[in-house]
Amino acid sequence: MPESNTRVAIVTGAARGIGAATAKRLASDGLAVAVIDLDEKQCADTVSAIEADGGRALAVGADVSDSAQVDAAVERVATELGAPLVLVNNAGVLRDNLLFKMSEDDWDTVMNVHLRGSFLMTRAAQKYMTEAGWGRIVNLSSTSALGNRGQANYSTAKAGLQGFTKTLAIELGKFGVTANAIAPGFIATDMTRATADRVGVSFEDFTEAAVAQIPVARAGQPEDIANAVSFFAGEQAGFVSGQVLYVAGGPRA
């Protein structure tokens, strides 16, 4: 049965990387966390880690680009954990290629997960937030929103999420709901490792080259992003909405 005195968060793409770190951080902040990923079994490690630290978590398998699966997942969260008042749209995929080699499937897959997925998840969750008169939406953008070679699809989707965020802030603010975006720079995850593989260099060399361009002189970690999500998701961030925070170790747009 849901515990009414515990706020509930949903984190998509939370089986690993930034999503897993964010789910664990929100749980340590005292929230019950729904860990959503494409394969429910892949969520087990994140859920186990949260429970081992005394938190409450629920693994939910869902394709965020499928409206029926999204609606069912959010309804299940509301039933088993409680009304979701924090939503972190983190689910993402890469289909990198130069424009002339990019297929329509490469384009559509990235748009469906990042943009359609965030839209569907937010549409499903916002009714619980507006009814409660309180809510927090955090969308994961990227420094790639500023443009990145080989990522016409990903860059477009991540830029689109910034416009989506600002519109949510305008529409939902009067209901006590804030919406903000975080744009990570170079973060050491499986996704950046896949990018290194794509360009044909070792992850160590790829990381070294990236760090050379970062003013704080280190690679970002998933926990760096989780810390920023924690702020936006908290009570203290109630007057911050429609913003894009670049967590990249130095100044960006």
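The values are calculated or read from the model by the stated rules, or taken from the named source; none is laboratory data. Quantities reported herein were computed from a predicted structural model and do not represent experimental measurements. Positions of Cβ are backbone-derived with ideal geometry, glycine not excepted, and every protein chain shown enters the neighbour counts. Surface accessibility is based on the protein's heavy atoms, side chains included, excluding ligands, DNA and RNA. Shrake-Rupley method; radii C 1.70, N 1.55, O 1.52, S 1.80 Å.
Taking a 31 Å limit on the Cα-Cα distance, which of the listed pairs LYS41/LYS166; LYS101/LYS127; LYS41/LYS127; LYS101/LYS158 fall beyond it?
LYS41/LYS166; LYS101/LYS127
What dipole magnitude, in Debye to the nearest 20, does the chain give about its Cα centre under +1 on Lys/Arg Cβ and -1 on Asp/Glu Cβ? Each step should come with its number before you reach the end.
Values: 21 positive and 28 negative charges, 151 e Å.
Magnitude of the dipole: close to 720 debye.
In degrees between 0 and 90, to the nearest 10, how far off the longest principal axis of the chain does helix 17-28 point, with axes built from Cα atoms?
30 degrees
What's the carbon and sulfur percent of the stretch 132-196's accessible surface, probe 1.4 angstrom, rounded to a whole number?
55 percent
Sorted from largest to smallest, which semi-axis lengths in Å does the alpha carbon gyration tensor of the stretch 108-211 give for its equivalent ellipsoid, taking the root of 5 times each eigenvalue? List each step's numbers first, then the result.
Details: eigenvalues 203, 35, 26 Å².
Over the Cα atoms of the stretch 108-211, the ellipsoid semi-axes are 32, 13, 11 Å.
Regarding the stretch 165-234, what whole-number volume in Å³ per residue does the convex hull of its Cα atoms give? Please report the intermediate quantities before stating the final value.
Numbers: hull volume 7.9 nm³, N = 70.
It is 112 Å³ per residue.
According to the square roots a ≥ b ≥ c of the eigenvalues of the Cα gyration tensor, what is the shape class of the stretch 156-203, taking rounded for a/c under 1.5, prolate for a/b larger than b/c otherwise, and oblate for the remainder?
Verdict is prolate for the stretch 156-203.
Which net charge results when you count Lys and Arg as +1 and Asp and Glu as -1 among the other residues whose beta-carbon is under 13 Å from that of GLU204?
Neighbourhood net charge equals -2.
Give the accessible surface of the chain per residue, rounded to a whole number of Å², with probe radius 1.4 Å and ligands, DNA and RNA excluded. Intermediate results must be reported in sequence, preceding the final value.
Working: 11680 Å² over 253 residues.
Averaged over the residues of the chain, the accessible area is 46 Å².
Tell me, in nm to one decimal, what length is gained between ASP39 and ALA132 on full extension, where the rule is 0.36 nm per residue of separation less the Cα-Cα distance?
Length gained between ASP39 and ALA132: 30.5 nm.
So if a site counts as exposed when it's one of the trypsin sites (Lys or Arg not before Pro), its DSSP state isn't H, G, I, E or B, and it has at most 14 other Cβ atoms within 10 Å, what's the longest stretch of the chain without one? If you can, show how the numbers build up before the last one.
Values: sites that count: ARG149, ARG218, ARG252.
The answer is 1-148.
What is the distance, in nm, between label points placed 7 Å from the Cα along the Cα-to-Cβ direction at PHE231 and at VAL211?
If labels sit at PHE231 and VAL211, their model points lie 2.4 nm apart.
Given H placed 1.01 Å from N in the peptide plane, which residues other than close sequence neighbours of ILE137 have an amide H under 5 Å from its amide H?
LEU87, THR178, ALA179, ASN180
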